Ligand SMILES: [Zn+2]
């Protein structure tokens, strides 16, 4: 693997407009479970019964009971060496954008500035009745006390994350697509590429002439078309790749 890593690092070193595509696998070393996989939080509940937009509208209290432990885990979590490595690539003006499926904000906390959060984030919340948006702190304090955060109009505040059956923010989707079309290297970091729209992004990048490096614990459907594939821990491989590429 060392020689393969050295050659992949040459690709990183030669690239000028890298885009990283990250998913649950990059936050796992920070202790955040993959809440779409069949382990952890998802196992006890069918997510569609508690975390779809329809379920939230009918039973916000069930949604908050379900997400409370996860919120606590996310608040305690720290960025890991994989997040830091991507921030370093951006600081070195090699990486243009991180496109992430994660809602935990760990890329920004590691120092990344250009982050497209396809599934939203926990920094703000919006009333599902009147659309009033507030910073999330006050709402999350209510959740910690076991209550549903409510707007003065009586509607429930929903964190600005994309729930099941909810559309992705369209503007973000186009920005992500544009970033993919303009990148010269797509670095897949900790996603198995099973969910729309990220599943289509490696093929789109390749159609536009980009190289492809995949770092993910499990196989992906497009491994055979990648320049380099590492079925390993992103928190180990990414720092090695970036340090080798940038030197020192
Ligand atoms: Zn309201």
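The values are calculated or read from the model by the stated rules, or taken from the named source; none is laboratory data. It should be emphasised that the depicted structure is a prediction, and the values quoted were computed from it without experimental measurement. Cβ placement follows ideal geometry from the backbone for every residue including glycine, while neighbour counts extend to all protein chains displayed.
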- Tell me which residues, restricted to the stretch 170-193, are touching a strand residue (DSSP E or B) at 6+ places or on another chain (Cβ under 7 Å) and either part of a strand (DSSP E or B) or without any contact (Cβ under 8 Å) to a residue 12 or more places away in the chain (or both). 185, 186, 187, 188, 189
- So residue 137, is it modelled with pLDDT under 95, crowded, with 16+ Cβ neighbours inside 10 Å and under 30 Å from residue 60 (Cβ atoms): no
- Looking at 91, 44, which one is over 15 Å from the mean Cα position of the chain (by Cα) and modelled with pLDDT under 95? 44
- Query: Looking at residue 164, is it surrounded by fewer than 18 Cβ atoms within 10 Å (Cβ to Cβ) and in contact with a helix residue (DSSP H, G or I) (Cβ under 9 Å, 6 or more places away or on another chain)?
  - Reply: yes
- Message: Please pick out the residue among 99, 53, 67 that is surrounded by 14 or more Cβ atoms within 10 Å (Cβ to Cβ), more than 16 Å from the ligand (Cβ to nearest atom) and within 30 Å of residue 181 (Cα to Cα).
- Response: 99
- Message: Take residue 171 and tell me if it is more than 23 Å from residue 75 (Cβ to Cβ), modelled with pLDDT under 95 and loosely packed, with under 13 Cβ neighbours inside 10 Å.
- Response: yes
- Counting just the residues of the stretch 118-142 that are in contact with a helix residue (DSSP H, G or I) (Cβ under 7 Å, 6 or more places away or on another chain) and farther than 14 Å from residue 64 by Cα, which one comes out nearest to the ligand (Cβ to nearest atom)? 128
- Query: Restricting attention to the stretch 47-78, and to residues there that are in contact with a strand residue (DSSP E or B) (Cβ under 8 Å, 6 or more places away or on another chain) and not in a helix (DSSP H, G or I), which single residue is modelled with the highest pLDDT?
  - Reply: 52
- Considering only the stretch 143-169, state which residues are within 16 Å of the ligand (Cβ to nearest atom) and in contact with a strand residue (DSSP E or B) (Cβ under 8 Å, 6 or more places away or on another chain). 148, 149, 150, 151, 153, 155, 156, 157, 158, 159, 160
- Item | Members of the stretch 79-95 found to be out of contact with any helix residue (DSSP H, G or I) (no Cβ under 6 Å at 6 or more places or on another chain) and either assigned to a loop (DSSP other than H, G, I, E, B) or more than 13 Å from residue 22 (Cα to Cα) (or both), listed by number | 90, 91, 93, 94
- Query: Just for the stretch 106-123: of the residues that are touching a residue at least 24 places away in the same chain (Cβ under 8 Å) and assigned to a loop (DSSP other than H, G, I, E, B), which one is surrounded by the most Cβ atoms within 10 Å (Cβ to Cβ)?
  - Reply: 112
- Of the residues in the stretch 178-192, those that are within 21 Å of residue 241 (Cα to Cα) and in contact with a helix residue (DSSP H, G or I) (Cβ under 7 Å, 6 or more places away or on another chain) number 8
- Note on the structure: Of the conditions (1) without any contact (Cβ under 8 Å) to a residue 24 or more places away in the chain; (2) more than 18 Å from residue 222 (Cα to Cα), the single one that residue 196 does not satisfy is (2)
